[in-house]
Amino acid sequence: MIIGTVFQANLNADKIIMDLKYLSDPINHTFWLTIRNQSLSTLYFKLGIDIPNWSIISPTDGNLGSIGASSTKTFTITISRTNPNTEIVESGNLIVEAYTDSGYTNKVGEAQLPITIYIEDLESWQDVEIYDFDDGTSQGWSLGSNMSIANDLSVEAGGYSARFYKSAGNFDTKTYLQKSITLPDRDKVRFSLFLAYYGNHDLCSMHHFSVSVNNEEIFSIPFTIFSGPGFFGWIKLATDLSQYKGQTVTLNISVWGKNERTWTQVVKIWFDRIVIAGKD
């Protein structure tokens, strides 16, 4: 059986960038994998990893479960390694296997998805700008709907962050940070930030995070990122801006806060420690 006639698998990104600042040990990195079953029957999928030092911690044993004929599912994957505490580049493959049975014994094919992981110490690079809001101002960023600078939550003790706060019934509200920035004229240019969420009901959520340069989306998580009651985060997100090196661009960071209840609930989203860094 030819694997191309059975399924297609796509990562939301084949290049993963991580910044060492405040990076946990071990490192747990979550991303999304979309699989389309193009066969005429239900198939069961299993995920493996062939990247030095990395292992899959979720889903357990890499077992993704079933996808019906001519159907598509997106899976949340978490991989892990010890923190190297130094810059490193690691490459390899994710291996998606297709089976006809739930016991994963009759394999009908597999696909390999190349992936490269960059662990980088951005704040030690040659050109670095840090926006931590710790002076209590927006530091030149335009703030979107329901946004303000607040000191109720911060990556660093005693600090401030840019906070979305909405208390209402039945809302789905997009907010953003936006700024005109001259990017470093270096071979490598990166962006990173921290993100956190709070909701006070199980139908509250945060979804559809996006980074755009001059209205062109370059990084997105087009799903629900956090949902339910309580605090979630801080998570750190990073992406590559090298194609815009040396240019003055409009950088836009956006996300949606949502409450599906008809009566008042609270959603809060925090942005902190935005870093723009470049080096040759």
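Read-outs: derived from the displayed coordinates by stated rules, not from any lab. Fair warning: this is a prediction, and the values are worked out from it, not measured in the lab. So basically every Cβ, Gly included, is an ideal-geometry build from the backbone, and we count neighbours across all protein chains shown.
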If each K or R counts +1 and each D or E counts -1, the residues other than Leu203 whose Cβ falls under 10 Å of its Cβ total 0
Long-range tail of P(r) for the chain (Cα pairs > 34 Å, %): 26 percent
Most exposed to least, judged by fewest other Cβ atoms within 10 Å, Phe194, Phe232 sort to Phe232, Phe194
How would you classify segment 68-185 from its alpha-carbon gyration tensor, with a ≥ b ≥ c the square roots of the eigenvalues: rounded for a/c under 1.5, else prolate if a/b is greater than b/c, otherwise oblate? oblate
Cα centroid of segment 148-226 to Cα centroid of segment 32-62, whole Å: 29 Å
Calculated Rg and Dmax of segment 144-197 using C-alpha coordinates, Å: 14.8, 47
Using the 10 angstrom Cβ neighbour count as an exposure proxy, how do Asp202, Asp187, Asp132 rank, fewest first? Asp187, Asp202, Asp132
With Rh as the Kirkwood radius over Cα pairs, segment 123-279 has Rg/Rh of 0.98
Answer with one residue from Asn63, Phe219, Thr264: the one whose Cα lies farthest towards the positive end of the charge dipole of the chain, charges on Cβ with Lys, Arg +1 and Asp, Glu -1. Thr264
Largest-first principal axis extents of the Cα set of segment 3-120 (Å): 47, 23, 19
Subtracting the Cα-Cα distance from 0.36 nm times the residue separation, let me have the gained length for Thr182 to Asn83 in nm, one decimal. 32.5 nm
